[in-house]
Amino acid sequence: TNKVFIPEVFFTNDCLTGEDVVKSTRVLGDLDGVFQDKEAYGKMNKEQAVYHVSSYLPVLENTPGGLFMGITTLYPGKVGQEYFMTKGHFHSNSDRAEFYWGVEGEGFLILMDERRNVWAERMFPGSLHYIPGKVAHRVANTGYQKLVFSACWPSDAGHDYATIADAGFARRLVDVNGVPTLV
Ligand code: PAN
Ligand code: ZN
């Protein structure tokens, strides 16, 4: 197994073949309830891929002190006027932080604190984003090509998807006359 990653090779996304790499795909059908426009969502092909994640997990989940790394490829598209985006989550160990960095394409990192204040940071190749603990995070692709970003998070962070599944983010990133706008 190949456990040594040359960044350029790593970022092609097809070379993450080590046994510690977990690959997952989210199709539109996995994102039921995520987008606002139910009518537009209902008419779309639920088999369509929205994003892929390859995660390099060198230690067991929940190990204190370790780090995980993942690369996400988010396709361009919209459901109604809302850009394709990741599900988004808080960390289960809520104070665990994370880095995201842009690799390819354009989009926004959407952040929400526990008081439901929402803000966004532009993502582009080379952009670096520090996500503090207790801040939910999701990414939207606002471009016409795939958006690729990488992430590094503590191995004992865990993922709390339920809070976002229940209450969502307080603002959504939508196309308003061609301009990505938080509404
Ligand atoms: C990332 C995300 C990845 C997919 O690795 O898990 O971009 O987004 P969702 O998990 O919200 O579907 C991360 O934030 N890890 O902690
Ligand atoms: Zn995370």
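The values are calculated or read from the model by the stated rules, or taken from the named source; none is laboratory data. Note that this is a predicted model, so its numbers are computed, not measured. When we count neighbours, we look across all protein chains shown, and the Cβ atoms used for this are built from the backbone with ideal geometry, even at glycine. Areas reflect the complete protein model, heavy atoms only, side chains present, ligands, DNA and RNA absent. Shrake-Rupley method; radii C 1.70, N 1.55, O 1.52, S 1.80 Å.
The largest-to-smallest principal axis extents of the Cα set in the range 4-182 are 44, 35, 28 Å.
Using a probe of 1.4 angstrom and keeping all protein chains present, the accessible surface of the chain works out to 50 square angstrom per residue. The phi torsions of the range 151-160, fed into the Karplus equation with coefficients 6.51, -1.76 and 1.60 and a -60° offset, translate into couplings of 9, 9, 9, x, 5, 10, 6, x, 10, 9 Hz, rounded to whole numbers, with Gly and Pro shown as x. Hydrodynamic estimate: the Kirkwood radius of the range 104-183 over Cα pairs, inserted into Stokes-Einstein at 37 °C and 0.692 mPa s, corresponds to D of 240 µm²/s.
Semi-axes of the equivalent ellipsoid for the range 110-152, computed as √(5λ) from the eigenvalues of its C-alpha gyration tensor and ordered from largest down, come to 21, 12, 8 Å. Here the 3J(HN,Hα) profile of the range 161-168, calculated from phi with Karplus coefficients 6.51, -1.76 and 1.60 at θ = phi - 60°, is 8, 4, 4, 6, 4, 6, 10, x Hz, Gly and Pro shown as x. Over the range 76-121, the ratio between the Cα radius of gyration and 2.2 N^0.38 Å evaluates to 1.33. Separation of the range 119-136 from the range 48-87 is 14 Å, based on Cα centroids. Per-residue 3J(HN,Hα) values for the range 175-182, derived from phi via the Karplus relation 6.51 cos²θ - 1.76 cosθ + 1.60 with θ = phi - 60°, read 7, 10, 6, x, 10, x, 9, 7 Hz in sequence order (x marks Gly and Pro). The helix-based estimate of mean residue ellipticity at 222 nm for the chain, built from -39,500 (n - 2.57) per DSSP H run of four or more residues and divided by its residue count, is -2000 deg cm²/dmol to the nearest 500.
Loop-located trypsin sites (Lys or Arg not before Pro) in the range 56-148 (DSSP state other than H, G, I, E, B) with a sparse environment of at most 12 neighbouring Cβ atoms within 10 Å: Arg115, Arg116.
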